[in-house]
Amino acid sequence: MRARAWLVLAGSLASAAHAAHPMLTEDPGTQGQGGFELEVGYSSARGLPSGGRAAVLAPQLSWGVLPDVDLIVNPIWVEERPPEGGRNRSLGNLPLDAKWRFVDAGPLQVAVRAGVDLPTGDESRTLSGPYAGLHAVLASSYALESSSLLANVGYVYSRTPGVRRNLPYATVAFLHPSEGVVRAFAEVAAAANPDPSRSTWPAVARTGVMWKATDWLDLDAGIEGRLNRAAPSFAALVGVTVHW
């Protein structure tokens, strides 16, 4: 039960709060009309509250339909390794999103991203439930000379059996520099515990780097550690992003 609950949260945050990989914090930027971005991120976590390990592959395709509006599809593939052994693999829910940047005032930008989680996965094996879920996040950024401060407040509504239905979360990140060939970030995040029998919010800290290899290709890597025992003890992340 606890493994499934954690995977629901991990999969939902992979869509509801999926900024420039490997960050958790969503930024308010959009692709611009006619722009496309394909981001493929992979994360591997150990020391889950259940005692097992899990990996999430979350490719994300964004399409700029208007200068300030993106449409996003974000299929999620999950692998769980319980502490008793064995391996479960399955496609998770399929998030379909829209993102709208509605404030662009000098150093301040604000956007909302919201969508539905379609129950496309194998309910018997991992995080997919029999019903559609919902998620939304309010994303903001404030420019500080060459750096940026980002903050998110989000919400996930899950109807997966055995998982808490209402899952609010919040993140804060510092990005330096805001633009450049190599950028680094540090962030903290906390979310409601998906296990309804537990009240402690899992909290994590994450850091990493993003390298602009060419005008159309970005590479990234990051690590995550827990701030309390309700979260996985460690996670490693790598990703590649293509723009056109």
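The values are calculated or read from the model by the stated rules, or taken from the named source; none is laboratory data. The model shown is predicted, which means the values in this text are computed figures rather than measured ones. Here the Cβ positions follow ideal geometry from the backbone for every residue, glycine too, while neighbour counts run over all protein chains shown. Heavy atoms of the whole protein, side chains included, go into the accessibility calculation; ligands, DNA and RNA do not. Shrake-Rupley method; radii C 1.70, N 1.55, O 1.52, S 1.80 Å.
The number of residues in segment 213-233 that are closer than 20 Å to R183 by Cα, out of contact with any His (no Cβ under 8 Å at 6 or more places or on another chain) and open to solvent by 80 Å² or more (accessible area, probe 1.4 Å) comes to 1. Residue count for segment 202-212 under the criterion of being touching a Gly at 6+ places or on another chain (Cβ under 8 Å), surrounded by 14 or more Cβ atoms within 10 Å (Cβ to Cβ) and closer than 13 Å to V182 by Cα: the result is 2. Within segment 181-201, the residues that satisfy the criterion of being loosely packed, with under 14 Cβ neighbours inside 10 Å and closer than 25 Å to D117 by Cα are P196, S197, S199. Which condition from (1) part of a strand (DSSP E or B); (2) open to solvent by 20 Å² or more (accessible area, probe 1.4 Å); (3) more than 20 Å from H21 (Cα to Cα) is the one that V238 breaks? V238 satisfies all of (1) part of a strand (DSSP E or B); (2) open to solvent by 20 Å² or more (accessible area, probe 1.4 Å); (3) more than 20 Å from H21 (Cα to Cα) except (3).
Counting the residues of segment 145-169 that are modelled with pLDDT of 95 or more and among the aliphatic types (A, V, I, L, M) gives 4. In segment 94-110, the residue that is most open to solvent (accessible area, probe 1.4 Å) out of those that are in a strand (DSSP E or B) and touching a Phe, Trp or Tyr at 6+ places or on another chain (Cβ under 9 Å) is L108.
The residue pairs whose first member lies in segment 43-58 and is farther than 29 Å from V73 by Cβ, whose second member is modelled with pLDDT of 80 or more and part of a loop (DSSP other than H, G, I, E, B), and whose beta carbons are closer than 6 Å, counting only pairs six or more residues apart or on different chains, are G47/P232; G47/S233.
Among the criteria (1) assigned to a loop (DSSP other than H, G, I, E, B); (2) surrounded by 15 or more Cβ atoms within 10 Å (Cβ to Cβ); (3) in contact with a Pro (Cβ under 7 Å, 6 or more places away or on another chain), the one S141 does not fulfil is (1).
For S178, are the conditions met, namely being farther than 22 Å from P107 by Cβ, among the small types (G, A, S) and surrounded by fewer than 18 Cβ atoms within 10 Å (Cβ to Cβ)? Against the criterion (farther than 22 Å from P107 by Cβ, among the small types (G, A, S) and surrounded by fewer than 18 Cβ atoms within 10 Å (Cβ to Cβ)), S178 does not qualify. The residue of segment 148-169 that is surrounded by the fewest Cβ atoms within 10 Å (Cβ to Cβ), among those that are over 24 Å from A132 (Cβ atoms) and small (G, A, S), is A151.
So that you can scan it fast, the table gives a plain yes or no per residue for (1) touching a Ser or Thr at 6+ places or on another chain (Cβ under 6 Å); (2) over 23 Å from L237 (Cα atoms):
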{"position": "S148", "(1), (2)": "yes, no"}
{"position": "S158", "(1), (2)": "no, yes"}
{"position": "L175", "(1), (2)": "yes, no"}
{"position": "E179", "(1), (2)": "no, no"}
{"position": "S199", "(1), (2)": "no, yes"}
{"position": "R206", "(1), (2)": "no, no"}
{"position": "K212", "(1), (2)": "no, no"}
{"position": "D220", "(1), (2)": "no, no"}
